[in-house]
Structures are given as C-alpha cells and as structure tokens.
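The values are calculated or read from the model by the stated rules, or taken from the named source; none is laboratory data. Remember, it's a predicted structure, so these values are computed and weren't measured experimentally. Cβ: placed from backbone, ideal geometry, glycine included. Neighbour counts: every protein chain shown. SASA here: full protein model, heavy atoms, side chains in, ligands and nucleic acids out. Shrake-Rupley method; radii C 1.70, N 1.55, O 1.52, S 1.80 Å.
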Amino acid sequence: MESDKYITIVPVEYPRNRQQFIRPPDEYSDFPQNRNWPHTRAVRTESSTMRRKELKRSLEHKRSLNHSLNDPIQSCSKPIISAPLAFQTAPKPKKNPLSVYIYTMADIVLHMDIEDANTTTVSDLVDIIIQQKNLGLSRIAKNIFTIWMKSNVLEIQLKPHHKLLTVFQKWSSLEDKYCIQTKKIIFKEPILSFQRNVFFPRKDEEKIKDQKIIELLYAEAKYNVLQGRYPVEVNHCLMLASLQCRIELGPNNLQQYTSSFFRDNRERFLPSHLYKSWSSWLNLDRKSTPHSRLADHLKHIQITGSDRRLYHKYLECCYMLPFYGCAFFHGQIEQPVRGLMSLINHKDVPIYIAVNTEGVYILDCVENSLLLGLKYQDFSWEFAKPSQEDNDHCLPCIFLQFLILENGTRVSKILQVFSKQAVMIDALIAGFVEDFRHKLAMNEYDDVDRTGGFEHISVGDGSQIPLAHLFRSEPQSRLCNKLNKLTLATFDEDGMFIYNNHPC
C-alpha cells in the first residue's frame with residue numbers, strides 16, 4: 001500500500017469530557033462530506049464512470065451512422081454475430097474507499113481513505129500512521145502505540161490481526177454482551193483512537209528518548225489525570241498542573257495568570273474531582289479553591305528547563321502512580337453495611353477495574369480514589385459465571401484473594417468484583433500472569449517470594465472455589481488501602497471462614 005495516497009492529517013480542536021466521547025468530524029458542518037482533503041486523490045464513483053461510458057457509446061454510434069450514410073458500399077444485411085456473454089470482458093466496478101478517522105490524545109485527527117476495508121488489519125493501519133512524516137514517529141512507535149475502538153461504555157484494544165470493518169460491524173453485539181443496559185445511558189457510536197499499548201512495560205517506556213513519542217505519551221497521561229482515571233492527591237495534582245501550565249502557556253511570566261483565569265479554564269488544567277471536596281457553601285475561604293491554590297503555587301515556584309525536559313518530568317510524576325498505563329473496565333462492588341441508613345440505601349459502588357503489566361487496581365468512580373491495589377505476585381484470582389445467566393441483574397464476577405496481617409495474625413481476604421466485562425478482565429490478567437511467570441522462570445524478578453500460593457478458597461456456604469495458583473509474598477508488599485470501604489470475606493490460613501466484612 002502506498003501510504004501517502006490514503007491519509008491526511010488534520011489538526012482538530014475538540015472538547016474532552018468524561019461523559020461523551022468525540023464524534024466523527026463528518027457529522028459537523030466544519031467537515032463537509034464533499035470536501036476534497038489535501039494530499040488525497042479524487043475518487044471516481046461508479047455512477048460517474050457509467051455516465052462517461054454511455055456518453056462515449058452515443059458518440060461512437062453517431063459517427064458510425066454518419067459513416068454508413070456517406071459510404072457508397074452498402075453494408076451486409078446479415079446480422080453480426082457477437083461473442084457469448086460468458087466470454088465478454090466487462091470492467092469490474094471500482095469500490096469506493098472507506099473514510100476512517102483516527103483520533104490521538106494530542107488533538108490530531110488522522111483521515112484515511114481505505115480502499116480494501118475488508119482485508120485491512122490493525123497492523124496495516126499502525127504501519128501507515130507511523131510512516132507519516134507529519135507525525136514524525138520512529139519505527140519503535142509500533143511497539144508503544146496501537147488502535148483502540150472505544151465508546152462511552154466500552155473500550156477495546158484491538159489486536160494486530162483484527163480487521164477494522166469486522167469489529168465495527170460487531171460493535172453493537174459487543175456492547176450488548178459487555179455493557180449494562182440502562183435508560184440513563186445512551187450508547188454512542190464508537191471512535192478509533194491511536195494510543196498507548198497496554199502490554200508495553202513501563203520500565204521500557206522510561207527509557208524512551210524520541211521527542212514525538214514522548215509528546216503523545218504526555219498527552220495521554222494528561223488526559224487520564226484530568227478525567228480522573230488517575231486519581232491523585234491534591235498536591236500531586238498541583239505539581240502536574242504547574243508543569244502543564246509551563247508547557248502550554250510558555251515560560252514568560254506565569255505569575256500573570258490569576259485565580260480567575262484558572263477558574264474559567266479549570267477543566268483544562270484541573271481534574272473535576274478536586275472540587276468535590278470543596279464547596280463554596282461550606283468553605284468561605286476562596287483561597288482554598290483548587291484554582292486559587294494553583295495560581296498561588298505558580299507564584300512561589302520557578303519551573304525551568306526545555307519542553308523536552310518538562311514532558312519527561314510530567315511523565316516521571318505519572319510513573320509514580322501504580323495504575324499508570326492501565327486498561328479500564330467498568331464494574332461494581334458491594335459497600336459495607338454500616339448502620340441503619342446503609343441498610344435503607346444499600347447500593348453497589350461503581351468502580352473502575354484497572355489492569356496493567358504490574359497488577360490490578362480497584363478505583364472508586366464516585367470519590368476518585370484508590371480502594372485496592374495488588375501486584376501479581378501478591379494475589380490469586382478466579383473468574384465466575386453468573387448463577388442465573390438469563391437474569392440481567394445477575395452479573396459475572398472476579399474473585400480477588402490476598403493476604404494481610406490482622407491483629408498480628410496472617411489471614412486472607414476475598415473481594416468479589418461484579419462486571420459484565422469480567423471475562424475480558426480475566427483474559428487480560430491471565431496474559432500478564434503468564435508473562436510474569438515466564439520472566440520469573442528466567443530469573444528476571446529477584447524480589448519475589450517463591451512460596452506456594454492458595455489453590456482453593458472457601459465462600460460463605462462452605463463450597464470450594466478453585467483459584468488460579470500463583471506465587472505469594474509477604475502481605476506488607478501489596479498496594480492496598482481503604483479496606484474499610486470494601487466488603488471482604490476473611491479466612492484463616494487453613495481456609496476456614498472467619499467472618500464477612502472488615503471489622504470496624
């Protein structure tokens with residue numbers, strides 16, 4: 001494929017918000033359907049080709065009539081025998097190319113005209129994108145980025161052999177299978193996104209020197225911070241926002257940007273969950289607002305260095321987050337019963353199940369906080385189908401088992417996570433664990449205790465559930481906090497059930 005004939009890079013400013021994904025630009029008046037994009041060839045449609053052929057036939061017919069009238073020799077009266085239809089070669093109709101828009105986190109839209117959409121794979125598209133001089137990406141970008149198909153309810157990283165058109169045609173059935181249908185949620189059309197490959201290790205990313213790749217990684221990390229997918233503390237947010245201001249607003253006199261400026265542009269620089277803990281009705285001190293604190297923070301610090309160094313610094317701050325580079329899945333967990341009010345209003349808590357190359361993380365979508373973080377060497381897991389598969393309210397789930405020290409006693413805790421996407425979570429964890437075991441066998445991990453893990457756990461009714469056998473280390477190494485907000489079953493080292501829920 002000659003890539004320069006099929007792609008146009010169009011810089012587009014588009015809004016980002018948590019509730020709505022970007023719509024394809026051909027639905028907007030700024031992107032009319034009949035616009036000839038630069039560097040793209042005009043496509044001749046089948047109808048225009050047929051009109052030209054009919055015009056050519058009529059002209060040839062008129063010439064033959066004029067020739068026969070002027071010719072003194074009469075033509076033969078016998079009919080002319082034509083070749084059978086099976087032996088006549090008719091020109092094959094040319095298929096119209098499929099217009100595709102691929103979005104990047106850096107507010108750049110890639111416009112492609114794919115002539116053979118039925119056979120074009122994701123790997124082919126990534127090759128075409130990387131070859132474009134306007135993006136300036138090196139060949140190593142193919143290992144770092146890939147194509148995602150995503151809507152407001154479902155996100156899937158496509159595999160290299162996936163055919164784009166096939167996945168798009170099955171998207172509605174995928175949403176029905178992996179998403180909860182409610183009247184409040186209106187399913188949006190999916191978009192294609194060129195973003196980080198969840199299988200790319202963080203330690204390899206930290207070694208990258210390519211400026212264009214770093215800029216794309218920065219844009220994606222910034223998006224996840226501002227959308228609350230990377231829940232970070234206030235001071236961490238202010239540091240990241242200060243670096244963003246220096247990159248996007250320039251080095252000259254950042255002190256001129258006041259609290260009012262950041263209040264009007266708070267969605268650009270600050271995640272919305274920071275404002276949940278602050279209320280103008282309860283807190284009369286205007287200086288404590290997140291935008292006021294950001295303006296004050298810029299007055300007391302001096303950020304120096306090249307843009308290249310600032311991009312690195314922003315990513316280094318994000319590398320400190322254990323859930324960096326995760327794939328996110330929607331789910332829910334039971335909230336602990338505490339008092340009479342919780343019995344009256346006992347709803348499940350919506351969560352993100354975040355999975356990356358290092359572990360699994362449970363994130364509270366309401367409070368934007370980390371509830372539980374587990375490294376692969378610190379837990380066992382098991383996928384379970386719903387007991388009533390015909391019941392839409394009965395969801396598949398993932399059991400997570402891990403060790404803690406409780407009152408000086410070593411016990412195991414089990415968390416049940418409900419999600420229609422549990423089968424995808426199970427497959428992704430299994431892939432990472434297999435890679436972890438392979439590296440462990442190659443002695444690439446030296447800090448893992450190779451003692452045996454749990455092969456079975458018991459649930460409340462005493463039945464046995466087989467868990468994936470894995471390695472375990474000391475309980476202090478796991479990344480969990482806020483266990484009091486989780487409904488957990490507790491077992492002793494012999495697998496005997498002790499009690500439900502975390503003690504107050």
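When peptides 96-109, 163-176 are ranked by their average number of other Cβ atoms within 10 Å per residue, the highest-first order is 96-109, 163-176. According to the square roots a ≥ b ≥ c of the eigenvalues of the Cα gyration tensor, what is the shape class of the range 87-241, taking rounded for a/c under 1.5, prolate for a/b larger than b/c otherwise, and oblate for the remainder? Oblate, since a/c reaches 1.5 and b/c is not below a/b.
For the peptides 177-183, 405-411, 416-422, 126-132, the ranking by packing is 416-422, 126-132, 177-183, 405-411, with the highest mean count of neighbouring Cβ atoms within 10 Å listed first. Based on the reciprocal of the average 1/r between different C-alpha atoms, the Kirkwood radius for the range 173-304 equals 17.6 Å. Accessible area per residue for the range 101-241 is 44 Å², calculated with a 1.4 Å probe on protein heavy atoms, without ligands, DNA or RNA. Ranked by the mean number of other Cβ atoms within 10 Å per residue, highest first, peptides 219-228, 201-210, 373-382 order as 373-382, 219-228, 201-210. For the range 299-426, the ratio of Cα radius of gyration to the globular rule of thumb 2.2 N^0.38 Å stands at 1.35. Here r is the Cβ-Cβ distance between SER387 and TYR223 and R0 is 45 Å; the resulting FRET efficiency, rounded to 0.05, is 0.70.
Spin-label model, ASP127/THR258: points 7 Å from Cα along the beta carbon direction are separated by 5.7 nm. If R0 is 51 Å, the Cβ-Cβ spacing of GLN335 and ARG437 corresponds to a FRET efficiency of close to 0.90. Rounded to 0.05, the FRET efficiency of the TYR275 and PHE168 pair, given R0 = 35 Å and the Cβ-Cβ distance, is 0.40.
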